[in-house]
Each structure stands twice: as structure tokens, then as C-alpha cells.
Amino acid sequence: MKHIYFMRHGLSVMNKQGIFSGRNDTPLTKEGIVQCHQAAKDLKSIKINAIVTSPMKRALDSAKIIAEEIGFPIEDIIISDLFVERSFGPLEGTTYTKSMDLDTTSGVEHSTSIIKRAQAGLNLINSLDADNVLVVSHGALGRALRHVIDPSLDYHEFEGFNNAEIVKLI
């Protein structure tokens, strides 16, 4: 049976500032790097056969830290645009507001689009010859992937993932 583990990237500079980062390539903070090292320690007991990540710097750097710590070859990390963060359009670089209805904000990627990307991402994961897959990505994509795997878990009503938190989805 395939097991899928999800990790939202470590704390980024824009996360720390409380700003919508979306498709902006914000780096990890020192705290975010430490979080990734700790997450790797939590993963050492699991034999990760594949790591799939967003190409965005904060996620890719997080995946590389994990790979180094658990002895997974960095060159074997699968990088896919399917796992990029939601585009927040005109909101990127502005102060994050939790209560906003993003689906009604012009220029923001609609939740149906990110859920469709998550389904395509799950198809990619399921095509891998690996029993334990780690996905390193972003909060919105993680919520969408969680929803695709278990549709009873609502995309909109989930609080989200903490930075560098390892969650077993399957």
C-alpha cells in the first residue's frame, strides 16, 4: 500500500512577515531551516522512497534539507509545477487576512483550479514505484491534496498545515 506524507515548506521570510507570498519566491528563514532539520528527524523511521516537491525555492530548499538528512539522493527529488502554491494574484505581497473569501477575489486562482492540480499531482504520485512518498509543497496545495484523497474533508474548512509539519495523508 502506498503511503503519502505531506509537509508544508519551512517558515519563509514572507510567512514570518504575515504576507501573501503565493508565487513569489521567498526564501526560508533560519527558523524554517531548523524546522526542516527537525522534520527530517521525525521522518528517519519511515523509509521514504520518493520525494516530490514544488519548484518554488522555499519548498525545494525544504525538500533538499529533508533529503540530505534522511540520506535520500537530492538528484532523485521529483520537481513538478503541479505542486506550486496557489496564485494569489493581486494579493501577493499584501498582508495576509485569514477571513478573506479568496474564490471571489478577481485574479486569485480559484479553489477548483488548485483542487484539479492536486488531482493531477495525486495521479503523478500514484504512478511512482514507491511505497512511501513525501510531498513537500505549500499550504493551499496541501489542503487540496488532502481533499482529493478524502473528499469528506472540506478544502475550505481546514485550518491548514503548520510550517514543516509532517502529516500522513494515506
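Every number in this text was worked out from the coordinates using simple rules, so none of it is lab data. As the structure is a prediction and not an experimental result, all values here were calculated from the model. No Cβ is skipped: glycine too gets one built from the backbone with ideal geometry, and neighbour counts run over all protein chains shown.
Residue check: is Gly22 surrounded by 15 or more Cβ atoms within 10 Å (Cβ to Cβ), assigned to a loop (DSSP other than H, G, I, E, B), in contact with a Phe, Trp or Tyr (Cβ under 8 Å, 6 or more places away or on another chain) and touching a residue at least 24 places away in the same chain (Cβ under 8 Å)?
Details: surrounded by 15 or more Cβ atoms within 10 Å (Cβ to Cβ): yes; assigned to a loop (DSSP other than H, G, I, E, B): yes; in contact with a Phe, Trp or Tyr (Cβ under 8 Å, 6 or more places away or on another chain): yes; touching a residue at least 24 places away in the same chain (Cβ under 8 Å): yes.
Yes.
Which of the numbered conditions does Thr95 fail, given that it passes all the others? Conditions: (1) surrounded by fewer than 18 Cβ atoms within 10 Å (Cβ to Cβ); (2) in contact with a helix residue (DSSP H, G or I) (Cβ under 6 Å, 6 or more places away or on another chain); (3) under 17 Å from Ser12 (Cβ atoms).
Thr95 satisfies every listed condition except (2).
Which condition from (1) of a type outside the set (D, E, K, R); (2) within 11 Å of the chain's Cα centre (by Cα); (3) on the phi < 0 side of the Ramachandran plot is the one that His110 breaks?
Result: His110 passes all but (2).
Tell me, please, whether a residue that is touching a strand residue (DSSP E or B) at 6+ places or on another chain (Cβ under 8 Å) and not in a loop (DSSP other than H, G, I, E, B) can be found in the range 83-103.
Yes, that holds for at least one residue.
Can you name the residue in the range 26-59 that is assigned to a helix (DSSP H, G or I) and charged (D, E, K, R) and, of all such residues, is surrounded by the fewest Cβ atoms within 10 Å (Cβ to Cβ)? Steps first, please.
Within the range 26-59, the first condition is being assigned to a helix (DSSP H, G or I), and the residues that meet it are 30-43, 57-59.
Next, from what is left, pick out any that are charged (D, E, K, R): 30-31, 41-42, 57-58.
Working: Lys30: 9, Glu31: 15, Lys41: 11, Asp42: 14, Lys57: 15, Arg58: 29.
Only one residue tops the list, namely Lys30.
What number of residues within the range 47-104 satisfy the criterion of being touching a Phe, Trp or Tyr at 6+ places or on another chain (Cβ under 9 Å) and of a type in the set (Phe, Trp, Tyr)?
The total comes to 2.
Only one of (1) surrounded by 14 or more Cβ atoms within 10 Å (Cβ to Cβ); (2) over 25 Å from Gln38 (Cβ atoms); (3) of a type outside the set (S, T, N, Q) is not met by Asp129, so which one is it?
Every condition holds for Asp129 apart from (1).
Which one of these is without any contact (Cβ under 8 Å) to a residue 60 or more places away in the chain, more than 26 Å from Met1 (Cα to Cα) and of a type in the set (A, V, I, L, M): Ile79, Ile33? Step through it out loud before you land on a result.
Details: Ile79 fails: more than 26 Å from Met1 (Cα to Cα).
Only one candidate qualifies: Ile33.
When the range 76-91 is examined, which residues are found to be in contact with a helix residue (DSSP H, G or I) (Cβ under 9 Å, 6 or more places away or on another chain) and either of a type in the set (S, T, N, Q) or more than 17 Å from Leu145 (Cβ to Cβ) (or both)? Lay out the reasoning, then the answer.
Residues of the range 76-91 that are in contact with a helix residue (DSSP H, G or I) (Cβ under 9 Å, 6 or more places away or on another chain), as a first pass: 76-88, 91.
Selection gives Asp76, Ile77, Ser80, Ser87, Phe88, Leu91.
Considering each of His156, His147 in turn, give the residue that is exposed (fewer than 12 other Cβ atoms within 10 Å of the Cβ) and either touching a residue at least 24 places away in the same chain (Cβ under 8 Å) or under 18 Å from Ser54 (Cβ atoms) (or both). Break it down into steps so the answer makes sense when it comes.
Working: His147 fails: exposed (fewer than 12 other Cβ atoms within 10 Å of the Cβ).
After applying the criteria, what remains is His156.
Can you pull out every residue in the range 106-115 that is surrounded by 14 or more Cβ atoms within 10 Å (Cβ to Cβ) and of a type in the set (Ser, Thr, Tyr)?
Within the range 106-115, the subset surrounded by 14 or more Cβ atoms within 10 Å (Cβ to Cβ) is 108-111, 113-115.
Once the filter is applied, which keeps residues that are surrounded by 14 or more Cβ atoms within 10 Å (Cβ to Cβ) and of a type in the set (Ser, Thr, Tyr), the range 106-115 yields Ser111, Ser113.
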